[in-house]
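Here the structure comes first, spelled out in structure tokens, and everything after it is commentary.
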Amino acid sequence: VFQAVFNVLIPDHAADAFSPPRLGAQSPWDALLERLLGGLARWDSEHFLFIAEQGYLLEHNCAFLPLFPLSLRLLAALLPWPLQLQPRSRLLLSAALLNALLSALAAAALLGLGRAVLQNRRQAFLAALLFSISPAGVFMAAAYSESAFACLAFSAMWQLEKGQGCLSGLLFSLAAGARANGLVNAGFFLYSRARRFAHQLQGGSAPLRKLPSLWKQVLSLASSAALMCAGIFLPFALFQYYAYVRFCSPGTGLARSIPEPLLQLARDKGYRVAGTGGAEPPWCSQRFPVVYSYIQDTYWNVGFLRYFELRQIPNFLLALPVTLLGSWAAWTYISTNPRHCLTLGLERNKSEEKGKARDGFCGPAAFVYVVHSTALLVFGFCCMHVQVLTRFLGSSSPILYWFPAHLLQEHEPLLWSTGTDNPKSGKPLVGQSPSSCGKGTSDNPVVRLLLNWRLLTPLSKSILGFFLGYWLLGLMLHCNFFPWT
């Protein structure tokens, strides 16, 4: 609703973005759908919708992995269509419906993951609610792959925490087919196996300490880890091979089946078209031809410290809140658990042995997630277009939601009270009825905080202001082709 209203009230910015021509005559229903959902088809959404409709015709489309556009094409083919709509309109409506479902499933998966890792149901619930007003919210709704990736990645992490290694590996593999940073998730599987093996060694198991048994365990660990990592990397590798066959093979006459407006767009913009022959792309002659890294380098100038220019200061300011939040989370965890971090979480401490390990964000189980979040933050800050850090971390790392939930629970007095009274004044809180007293998470703590905004601490206002402010600004700016995260 918000994106439709802002799309009507705010004129679109004339951005230099990929905008393929519309093929075929639009019906009144197409025009109405574009008016209602057009704000969800901006910037990279145009690439995903184009790929779902036309396939990988243009070289720079290969920066967008195939799982999400394939899902759109499948859903658009399966849904009944009582109205006469163009293929693009069907795909746009499919994207809105699919991402609405996937973002809800991602929140549910984050809730389950939080309960398994944090061992604190209230904090896990609060984090899942914060995900629902994520600062990357517009990308969870638009025709982007963020919702699909978050749903698959959080679900895979949850299944891994429950000991479901095969199902977790399958979900991680699918996530790697949605976004390239899904390859990093192989580290979760490697770490879980290494941690389990280290704890077995420290547990004093007599058979395990015998050399033959130890070697068997090591070989079993190495083989299972190698197979699982190969499975996670497989979708990305297969797509690189597909791109090589499509763009590095001699001309196949494919151009004769491509509509002339698309060929004209390619000529005007200098896009390389698949199957048309001509000079071989430079990446084809590399020892390991990876089209993804070539496109990031050539078309978007992505590389180490390349974005560190004075004219990019506004984009660094856009990324400042999530950068500070991620850095603060890492520092808080390290300063709270210095020994645990120095031993990489592989040492079994006394509290774990007694079953009384610290719960919440600072608990030992969150270590690998903090490492993952920090690694993504450093890589994104140094090597990517820095403004995308908000959605990059928002769809990849639960830390962006666990740490603010931890801060709110630790420092916001309104969340300490289990009753209906304001602990500061003794007056009843707005938005909480006596019937909800004592039910824990039966009410919505985020709504309660928003309804009592004036009573919040400055820290709580800053956290909720960041989440809701970016949620709303994203809808206003992104949906009208203005630069955003």
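A few points about this structure:
- Put simply, of 109, 100, 104 the only residue that is among the aliphatic types (A, V, I, L, M), open to solvent by 40 Å² or more (accessible area, probe 1.4 Å) and under 18 Å from residue 67 (Cβ atoms) is 100.
- Any chance residue 115 is open to solvent by 30 Å² or more (accessible area, probe 1.4 Å) and without any contact (Cβ under 8 Å) to a residue 60 or more places away in the chain: yes
- Subset of the range 393-417 (residues that are closer than 15 Å to residue 378 by Cα and open to solvent by less than 10 Å² (accessible area, probe 1.4 Å)): 393, 394, 396, 397, 399
- Odd one out for residue 89, checked against (1) more than 26 Å from residue 269 (Cα to Cα); (2) buried (at least 19 other Cβ atoms within 10 Å of the Cβ); (3) small (Gly, Ala, Ser): (1)
- Selection within the range 158-172 - touching a residue at least 24 places away in the same chain (Cβ under 8 Å), surrounded by 20 or more Cβ atoms within 10 Å (Cβ to Cβ) and among the hydrophobic types (A, V, I, L, M, F, W, C): 158, 160, 172
- The lone criterion from (1) modelled with pLDDT of 95 or more; (2) under 20 Å from residue 368 (Cβ atoms); (3) open to solvent by 30 Å² or more (accessible area, probe 1.4 Å) left unmet by residue 332 is number (3).
- Whenever a residue of the range 173-199 is of a type outside the set (Gly, Ala, Ser), its partners that are outside any helix (DSSP H, G or I) and open to solvent by 30 Å² or more (accessible area, probe 1.4 Å), lying with C-beta atoms within less than 6 angstrom and at least six residues away or across chains, give the pairs 195/346; 199/348.
- For the range 269-322, the set of residues classified as β-branched (Val, Ile, Thr) and loosely packed, with under 11 Cβ neighbours inside 10 Å consists of 313 only.
- Within the range 69-86, the set of residues being in a helix (DSSP H, G or I) and open to solvent by 50 Å² or more (accessible area, probe 1.4 Å) comprises 70, 73, 74, 77, 78.
- Scanning the range 1-26 for residues that are farther than 22 Å from residue 87 by Cα and small (Gly, Ala, Ser) returns 14, 15.
- Number of the exception - residue 236 against (1) part of a helix (DSSP H, G or I); (2) of a type outside the set (Ser, Thr, Tyr); (3) open to solvent by 40 Å² or more (accessible area, probe 1.4 Å): (3)
- Within the range 458-481, residues that are over 25 Å from residue 11 (Cβ atoms) and open to solvent by less than 30 Å² (accessible area, probe 1.4 Å) sit with their Cβ atoms under 7 Å from residues that are acidic (Asp, Glu) and not in a helix (DSSP H, G or I), at 6+ positions apart or across chains, in these pairs: 460/412.
- The criterion of at least 2 residues that are of a type outside the set (Lys, Arg) and modelled with pLDDT of 95 or more is met by the following helices (runs of 4 or more DSSP H) wholly inside the range 367-485: 367-383, 389-394, 399-411, 458-478.
The values are calculated or read from the model by the stated rules, or taken from the named source; none is laboratory data. Predicted model, so just to flag it, every value in this text is computed and none were measured. Ideal geometry is used to build each Cβ from the backbone, glycine not excepted, and the neighbour counts take in all protein chains shown. What goes into the accessible areas is simple: the full protein's heavy atoms, side chains included, and nothing from ligands, DNA or RNA. Shrake-Rupley method; radii C 1.70, N 1.55, O 1.52, S 1.80 Å.
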